[in-house]
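Some notes on the structure that comes next.
The values are calculated or read from the model by the stated rules, or taken from the named source; none is laboratory data. Since the structure is predicted, the reported quantities are computational estimates derived from the model, not experimental observations. Cβ placement follows ideal geometry from the backbone for every residue including glycine, while neighbour counts extend to all protein chains displayed. With ligands, DNA and RNA removed, areas are computed over all heavy atoms of the protein, side chains included. Shrake-Rupley method; radii C 1.70, N 1.55, O 1.52, S 1.80 Å.
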Amino acid sequence: MGQEQNHNLKIALIGFGFVGRVFHANMIDQTEGLELSAVVTHNERATAQVHQLYPRARVYDNNDDFFKDIDRYDAVSIGTPDDTHLEFAARVMQAGKPVVIDKPVAGSSQEANKILDVAQATGTPAAAFQNRRHDAEILTASKYLKELDLGRIIRVESRYGSFRPNVETGWREQKTHDQPRGALFDLGAHTLDQVVQLFGPVTSIYGEVSTQRENAVVPDDFFIAATHQQGIISHIVGGLVQSTRQPRLTIQGTLGSLQINDQDPEEDQLKAGMRIDDPHFGVMSDPTACYIDREGEKHILPAVRGWQPAFYEGWRDFLQGKADNPVPLAESVHVLELLDQAMLSSQDRRIIQE
């Protein structure tokens, strides 16, 4: 990295499972001005991986030992299962350390609000890791919404998911709460946040949440219709039983439409070991968007490169007093409240008004 090591902000990471290893550790380590200085994990295999990948990082296999040493570090990132976030975040903030909490920020909106209460009571900075605000398709949509005249936006269609017909063993597939959230709280915490960022506050929610796969114990398929304050309707489809690739994002306006077929590649690239300084990082396999103008003419436009590392760049700048919090905790908490409303809507088969 460009700065001298003793000028880097020392970041401790709690959790080195999939999310901690693939997203947080990679981005912290490769962001100029940050240093992955410690990892908390109880898993022997994960410990070996940390020693191999980040030999300078200290590994703690005991939570209490880490919290005794917490003053060694400038900030903490939490990449553990969501039902542990309240406990860890509260301890970190009560120790006075800024914290990044992976999304969803808690296992329920009630727990998320308790975390927000601790943040406000302690005055400790906290951010939610809504990294997919910087996905290629979202950055592309944001660019062309400013540059193109689509007229009055009427409807948005967002489709995000994968085809995993067999139930897996990870914690996301397990029932850990009184009301299991499954794909709704996992994928929905990204997609609903994205449309709120693009099109503003939501005034009503309708949801259909279901469990489709044999032996699944948590929801794996969902549809949300969200009406925004300015009248735009967002249709969000997500889940783990989507076997055909449909347009990732379509925005329909009275004077034209914008369609983005591909989705951000950064997760797969990080899993494959690609570094963020690779020129192909964040570039979609179909790096184009399609614009249909008011005459029905089709225009192929260049898509924007995805850049999820923008989150940790923003967090670094915030900690250094150079920028605002990249994702204030309250914004992510509100998205969980909207997802709760989508779940309630699905149960009652009714529209929930904000």
Once R0 is set to 22 Å, what does the formula 1/(1 + (r/R0)^6) return for the Cβ-Cβ distance between residue 351 and residue 211, expressed as a FRET efficiency to the nearest 0.05? 0.50
Identify all lysines with a Cα-Cα distance to residue 68 below 18 Å; exclude those on the same chain that are fewer than 8 residues away in sequence. 10, 97
Per residue, how large is the accessible surface of the chain? Use a 1.4 angstrom probe and give square angstrom. 45
Inter-label distance for residue 117 and residue 72, nm, one decimal - labels placed 7 Å from Cα along Cα-to-Cβ: 3.3
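Suppose every Lys and Arg Cβ carries +1 and every Asp and Glu Cβ carries -1, with no other charges. What dipole size does the stretch 1-86 come out with about its Cα centre, to the nearest 20 debye?
Values: 7 positive and 13 negative charges, 41 e Å.
It comes to approximately 200 debye.
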Shape verdict for the stretch 210-249, please, from the Cα gyration tensor: rounded (a/c under 1.5), prolate (a/b greater than b/c) or oblate. oblate
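Give me the percent of Cα-Cα pairs in the stretch 35-136 that sit more than 17 Å apart, rounded to a whole number.
When every Cα pair of the stretch 35-136 is considered, 55 percent fall beyond 17 Å.
Rounded, prolate or oblate: which one fits the stretch 180-320, using the alpha carbon gyration tensor with axes a ≥ b ≥ c (rounded when a/c is under 1.5, else prolate when a/b beats b/c, else oblate)? Before the final figure, lay out each step's value.
Details: a/c = 1.38, a/b = 1.05, b/c = 1.32.
Rounded shape, in that the Cα axes give a/c under 1.5.
Of all trypsin sites (Lys or Arg not before Pro) in the stretch 268-303, which ones are in loop regions per DSSP and have a Cβ with at most 15 other Cβ atoms within 10 Å? Don't jump to the answer; show the numbers that get you there.
Values: sites: 271, 275, 294, 298; in loops: 275, 294.
Hits after loop and neighbour filter: 275, 294.
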Separation between Cα centres of the stretch 183-207 and the stretch 246-268, rounded to whole Å: 16
Test of understanding: express the Cα radius of gyration of the stretch 1-89 as a ratio to 2.2 N^0.38 Å, with N the residue count. 1.01
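May I ask you to give the percent of accessible area on the chain that is carbon plus sulfur, with a probe radius of 1.4 Å? Don't skip to the answer; put the middle values down first.
Details: 7120 of 15830 Å².
Carbon with sulfur: 45 percent of the solvent-accessible area.
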Gain in span if fully extended, residue 154 to residue 294, counting 0.36 nm per residue against the direct Cα distance: 49.0 nm
Over the chain, what is the percentage of antiparallel beta bridges among all DSSP beta bridges, to the nearest 5? 60
What does the helix-only formula give at 222 nm for the chain: each DSSP H stretch with n ≥ 4 adding -39500 (n - 2.57), the total divided by the residues, and the result rounded to the nearest 500 deg cm²/dmol? -9000 deg cm²/dmol
In the stretch 326-354, whose amide N lies under 18 Å from the spot 7 Å out along Cα-to-Cβ of residue 229? List them in ranges. 328-339, 353-354
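Counting other Cβ atoms within 10 Å, keep those with at most 15, restrict to DSSP loop, and tell me which GluC sites (Glu not before Pro) in the stretch 259-353 are left. Intermediate values should be presented prior to the final figure.
Values: sites: 266, 267, 295, 297, 313, 331, 337; in loops: 295, 297.
Filter output for the stretch 259-353: 295, 297.
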Along each of the three principal axes of the Cα atoms of the chain, give the extent in whole Å, ordering the values from largest to smallest. 63, 46, 40
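Per Stokes-Einstein, at 37 °C and 0.692 mPa s, what whole-number D in µm² s⁻¹ belongs to the stretch 66-197, with the Kirkwood radius over Cα pairs as the hydrodynamic radius?
Answer from the Stokes-Einstein relation: 193 µm²/s.
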Contact order relative to length of the stretch 82-212, as percent, for alpha carbon pairs under 8 angstrom and 6 or more apart: 23
